[in-house]
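Below is one structure, written out as structure tokens; the observations come after it.
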Amino acid sequence: MTEALDAPSISQVAVALSRKPNSDEAPRITATGRGAVAEQIVHSPVRSPAEVQRPSHGARIGMRHPKLTRVLEQMEERIENPVSPSQLARETGLSTRQLERLFRRYLGRSPKRYYLELRLKQARNFLLQTDMSVIEVAVACGFTSASHFSKCYRGFFATTPYRERGIPTRET
């Protein structure tokens, strides 16, 4: 028996994915259902055949320092609730100063600056790929105030989040 799922929940998708692909019991997820799931989770766009797969952290920055790689992974996992560089250092078994030196050496910026840029790039992805409001994007990227988010965004991208979205703003 095959059932079609028009608007599946995340748990229904998990069940569907855990079943064998050729199983008679596996539900089909319709195009509408796939769209509903995509709206529930934020994901990167599908790459074209010409685009290359995103390399690992170490390969991207040209180094294989395991502790720095772990800190970068932790930063990406904690976009919504950022933690301080000193806490990241402690959790990785480094001193704050060691972490700062590693970031300067391999990434050319401080841990705090790198984390901010990572959050802003994620915010830009959200603005361009989702229907989330600007304040929802700000919160999802760890900003507690829309004005602080807008100021940081404008400083990094030279445009406001509202303009990025194409929302008209009142100029003073």
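The values are calculated or read from the model by the stated rules, or taken from the named source; none is laboratory data. Note that the structure is a prediction, hence the values are computed from the model and not measured. Cβ atoms come from the backbone with ideal geometry, glycine included; neighbour counts cover every protein chain shown.
Can you say whether Phe156 is surrounded by 11 or more Cβ atoms within 10 Å (Cβ to Cβ), part of a helix (DSSP H, G or I), within 19 Å of the chain's Cα centre (by Cα) and at pLDDT 95 or above, as far as the supplied structure shows? Considered against the rule, which asks whether it is surrounded by 11 or more Cβ atoms within 10 Å (Cβ to Cβ), part of a helix (DSSP H, G or I), within 19 Å of the chain's Cα centre (by Cα) and at pLDDT 95 or above, Phe156 comes out as yes. Within the stretch 112-132, the set of residues being surrounded by 14 or more Cβ atoms within 10 Å (Cβ to Cβ) and over 30 Å from Gln98 (Cβ atoms) comprises Arg124, Asn125, Phe126, Leu127, Thr130, Met132.
The number of residues in the stretch 127-153 being within 22 Å of Gln74 (Cα to Cα) and in a loop (DSSP other than H, G, I, E, B) comes to 4. May I ask you to verify whether Arg101 is exposed (fewer than 13 other Cβ atoms within 10 Å of the Cβ), over 18 Å from the mean Cα position of the chain (by Cα) and at pLDDT 95 or above? It is true that Arg101 is exposed (fewer than 13 other Cβ atoms within 10 Å of the Cβ), over 18 Å from the mean Cα position of the chain (by Cα) and at pLDDT 95 or above.
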